[in-house]
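Have a look at the structure below, then the notes.
The values are calculated or read from the model by the stated rules, or taken from the named source; none is laboratory data. As the structure is a computational prediction, the values presented were derived from the model and not from experiment. Every residue, glycine as well, gets a Cβ built from its backbone with ideal geometry; the counts of neighbours run over all protein chains shown. Just the protein is used for accessible areas: all its heavy atoms, side chains included, with ligands, DNA and RNA removed. Shrake-Rupley method; radii C 1.70, N 1.55, O 1.52, S 1.80 Å.
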Amino acid sequence: MRCIHTYIKRALAPCIVFISLQSAYAQTALDKKIDGIIKKMTLKEKIAMLHGNSLFSSEGVKRLGIPELTYDDGPLGVREDVGRFTWGPLRLKTDSATFFPNGSAVAATWNPVMAYRFGVAMGQEALARKKNIMLAPAFNICRTPLCGRTYEYYSEDPFLNAQLAISSVKGIQSQNVAACVKHFAVNNQETWRDSINAVVSERALREIYLPAFKASIEQGHAYTIMSAYNLINGAHCSENEFLLNKILKGEWGFKGLVMSDWGGTHSTVAAAQNGLDLEMGSSGPFEKWYFADPLYDAVKAGKVSEKLIDEKVHRILWVIYHTSLVAHRLPGSINTPAHSKAVYDIASESIVLLKNQKHLLPLNTSTVKSIAVIGDNAIHTFATGGFGAGVKAKYEVTALQGLKNRLGKNIDIRFAQGYKADYKFNYSAARKQEANKPNPELIAPAAELAKTSDAAILIIGSNREYESEAHDRADLSLPFGEQELVNAVTAANPNTIIVVIAGAPYDLNEIKKNNHTIIWSWFNGSEGGNALADVITGKVNPSGKLPFTFPAKLDDSPAHALNTFPGKNLTADYKEGILVGYRWFDTKKIEPLYCFGYGLSYTSFKYSAIKTDKKSYKNNENITTSLRVSNNGKYSGKETVQLYVSKLNPKAEKAEKELKAFKKVAVNRGSSAQVALNFKAADLAYFDESVKKWVVEPGQYKISVGASSRDIRASAIITVD
Ligand code: BGC
C-alpha cells in the first residue's frame, strides 16, 4: 500500500519551502530594487506597462533592461501562437504542445499530486515557448451544469476546488512561470457574460465562490489573477472595489498583478482606483485603451494619483522579477515523454466508472475476438474547438486509436461512425437543431456491426464545439441524436459498453436505466485514448469520482429550480445562496442521477475502525479522523475517502453536509491501509453576515466518512466549544 497523501506531502514539501523562503528572502531587497527602477521611469513609460501592447504581451522598459511580459492560454496546454494584432494563427512549425486533460478531468482525479504534475508539465512547456504567464488554471464554481466553461473548471465544491487550485498553481510556478488564476470571480455562466450582474450574498461569496481563489493566493502564492467579465453586486469585476481592493489586495495580501479578461475593462478612473493593474484586450489601437492615453490624461488631470500608477507598475515588475528576470531560469521542455506520461496518469485517474452491473468490465480480452467500436467520439479529437482555450496538440490518441494500440494485435477492431457531430458553436439555431437529429443511415450499419461482433463499445458524448466559452448549453440532453443510436445499438447487442466523453453533466437517465455498463471519460488530453483503453481492459482500475452532481433533471439543480438562470434584465439573483451543488440536493432531499463524489472501481473497498482522535474540541484545535480501508476485491486499486461534516441543530442556515477533507489511497488487493483525515475546528466556521466574521457555532457536529457524498460508511458525533 502506498499512501497517496504521503506522496503529495513529499512531492509538494520542497517546493512549499522553496517558494516561501524565496519570496520571504527576496521581498525587501526586491521591493527596494523595484522602487529604484520606478524612480527612473517617466510617466509615459509607466503607463505603457499598464496595458497590452499586442494580443498576448505587455510592455517592459527596454532602456532599463526590463523585457516585455508574454502571456498564453491555458488551461488545456500552451495555445498556438497568434499574430501580435490578429487572432489568426501564425501556423508555425514550433508551436505545437501537449494537450492536457480538461479541468473537470483533473478534478475527477481527486488527487492534488495530479494537479501539481499538470502544472509542472504545463509550466515547462510555457518556458520552452517563452511565455511568462500561463492564463491558467481556471476554477469557477459549477453553479449550473449548463455553463459553457464547466469543462474548463474544476468542481461545484469549494474545498475540492481549492486543493486542486493550490497544487496546479504551485506546479506552474515551480518553473518560474506565473500562473494566472481565472476568472475572478463568479463567472458561472457564459450567457451575457460581459453584462450579467451576479447578485450574490457576501456569505455565499466567501463560503462558495471565493475559497479556491483565496487558497490559490494565500497558499499557492499565485503571481497573477484575471478579473471575470461579469459584474458582481452591481460592479464589473475589473473595477470592483470590494473584490479587488478590499478582499484580494487587502485581506489576502495579494502582491501580484490583476489583469482584466480580454476586452473586459470598462473605464479608466474607476478601474484604476478599484484595483485593476493591467488592461488586456482584443484589438488595437492600443493607445486608445482605457489604461493607455486616457489613463495618462487622468493622471495629468489629477483624477488618478501617480502613486497609484507606481503601485501598479511595482506589481508588474514584481511579476517580471519572479518570472523572466528570475536568476537561473530553466530552459523548459515541450512535448516530452514525461509530459505524455503526466497526461496519461491524470487521464487514467480521471475516468469514472458509472455502472458495471454485469461485470462486463474489465473486458475479458481472451474470449473476445471482435469488437465493434461505434460513435463519432471514437475518432474525434478534443484539443481544439469552440471559442476559447485550445492547443495545437503535437498528437492526440483518439479512443479508436487507443483501443487499436492496446488490443489491435489479437482482436478484430471494427468501426462504425453511428452519428456525425457536424456542429459549430457559432452555427445558427436551426442548423444546430439539424445537427442534433439522429441519422438513420449511420445508425443502421452501427447496430448491424454491434450485432455481429463479440463486444460493442459505443463512444458518444459532446465535444469542444458543443461545450465552449461564450455560450451555455440549452439543456442537458445528449447531442447529435445519440440517444437513438444508443437505443438501436443496445437492442442489437444488450451488452454494449457505453462510454461518454464530455466535460459537464448530461442527461443519462435512459442509459442508466437500460444499459449495464457506463464509463464516463473527459476531453482527456493527448493520451486520452490510451488511458480509456487501459481502463476498459483493466490495466488501469478506474478511480475517478465525479467533481459535480449529475441532476436527474435540470430543474432539480438550484439555479434552475429557482428560475435564476440565465437571469432577467441582465441580473442573475443567486437566491440559492450557499446551497450550491450537492449542498442543495442533500439539504432539499432531492435524489440526483449521480451524486457528487460518485465513482466505482473494479474492486471493493471496506471501511472500518472509523474514529475521531477526541470527542470534544476547542475551536483552535485539529480534528483527526482515522479509519482502515481494506481492498476485499480481486484487483489492486485506488480509493478516495471523503469526509463530510454536518452541524446538528444549527442556529444559522447550514447545508446538510460539506466536504472538509479527502484522501486518495492506493490499496493492493487483499491488503488494507490506515487513513487519517485532518481538518481544523476553525474550518467549521460559517460567514456570519451580521457581524461580518467567520464564526464557529458551538455544539455537536456529525462527521461522516464515505466513498461518495451519498455512500456514507460511518459517522461519529463530536462537540466543538
Ligand atoms: C477568455 C480568457 C482567455 C482570454 C485570452 C477570453 O475570452 O475568457 O479565459 O484567457 O480570452 O484568450
Response to the item:
One finds the C-alpha centres of region 704-719 and region 447-509 to be spaced, in Å, by 34
Item to complete: State the answer as a single residue: which of ILE590, VAL397, LEU330 lies farthest towards the positive end of the charge dipole of the chain, with beta carbon charges of +1 for Lys and Arg and -1 for Asp and Glu, about the Cα centre.
Response: LEU330
Worksheet, complete the sentence: Diffing region 563-576: the Karplus 3J(HN,Hα) column from phi (6.51, -1.76, 1.60, θ = phi - 60°), in whole Hz with x for Gly and Pro, holds 6, 10, 10, x, x, 10, 6, 6, 10, 10, 8, 7, 5, 6
Worksheet item: Dipole of the chain, Cα-centred, from +1 at each Lys and Arg C-beta and -1 at each Asp and Glu C-beta, to the nearest 20 debye?
Response: 2060
Worksheet item: Ranked from the most accessible area to the least, with a 1.4 Å probe and all protein chains present, what is the order of LYS575, LYS355?
Response: LYS575, LYS355
Item to complete: Express in Å², to the nearest 10, the accessible area of HIS516 obtained by rolling a 1.4 Å probe over the protein heavy atoms while all chains stay in place.
Response: 40
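Given +1 on the Cβ of Lys and Arg, -1 on the Cβ of Asp and Glu, and no further charges, what dipole in debye does region 40-322 carry about its Cα centre, rounded to the nearest 20? Provide the component values of the computation, followed by the final result.
On the way: 30 positive and 29 negative charges, 113 e Å.
Rounded to the nearest 20 debye, it is 540 debye.
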Worksheet item: Please state the Cα pair-distance histogram of region 603-720 with 5 angstrom bins from zero: what percent is in each bin?
Response: 2, 11, 21, 22, 16, 11, 7, 5, 3, 1, 0
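Which FRET efficiency, nearest 0.05, do ILE379 and SER671 yield, Cβ-Cβ r, R0 41 Å?
Numbers: r = 40 Å, r/R0 = 0.99.
That gives a FRET efficiency of 0.50.
Over the chain, what is the relative contact order in percent, taking alpha-carbon pairs closer than 8 angstrom and at least six residues apart? Don't skip to the end; give the middle numbers.
Working: 1782 pairs, mean separation 107.0, N = 721.
For the chain, the relative contact order is 15 percent.
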Worksheet item: So what's the angle, to the nearest 10 degrees on a 0 to 90 scale, between helix 306-322 and the longest Cα principal axis of the chain?
Response: 50
Practice prompt. Determine the dipole magnitude for region 149-244: charges of +1 sit on the beta-carbon of Lys and Arg, -1 on that of Asp and Glu, nothing else is charged, the reference point is the Cα centre, and the result goes in debye to the nearest 20.
Written response: 200
Worksheet item: Farthest toward the dipole's positive end in the chain, which of VAL500, ALA561, LEU442, given Cβ charges of +1 (Lys, Arg) and -1 (Asp, Glu) about the Cα centre?
Response: VAL500
Fill in: the chain: calculated mean residue ellipticity at 222 nm from DSSP helix runs of at least 4, using -39500 (n - 2.57)
-8500 deg cm²/dmol
Item to complete: Specify which residue in the list LEU458, GLY148, VAL186 is farthest towards the positive end of the charge dipole of the chain, using unit charges on the beta carbon of Lys, Arg (+1) and Asp, Glu (-1), about the Cα centre.
Response: LEU458
Item to complete: Would you mind pulling out the separation of the Cα centroids of region 70-123 and region 263-309, in Å?
Response: 29
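Kirkwood Rh, region 202-322, all Cα pairs: how many Å?
Details: mean 1/r = 0.0678 Å⁻¹.
Evaluated over region 202-322, this radius sits at 14.7 Å.
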Item to complete: Grab the alpha carbons of region 305-410, take their convex hull, and tell me the volume per residue in Å³.
Response: 208
Practice prompt. Determine ³J(HN,Hα), in whole Hz, for all residues of region 456-473 in sequence, where each value follows from phi through the Karplus function 6.51 cos²θ - 1.76 cosθ + 1.60 and θ = phi - 60°; x replaces Gly and Pro.
Written response: 10, 10, 9, 10, 10, x, 10, 7, 7, 8, 6, 10, 7, 3, 6, 7, 9, 6
Worksheet item: Given the pairs LYS588/LYS634; LYS130/LYS288; LYS214/LYS303; LYS513/LYS545; LYS394/LYS424; LYS214/LYS660, which are separated by over 26 angstrom at their Cα positions?
Response: LYS588/LYS634; LYS130/LYS288; LYS214/LYS303
Worksheet, complete the sentence: region 40-322: Kirkwood hydrodynamic radius (Cα pairs, Å) comes out at 18.7
Worksheet item: Where the eigenvalues come from the Cα gyration tensor of region 337-548, what are the semi-axes √(5λ) of the equivalent ellipsoid, largest first, in whole Å?
Response: 24, 22, 16
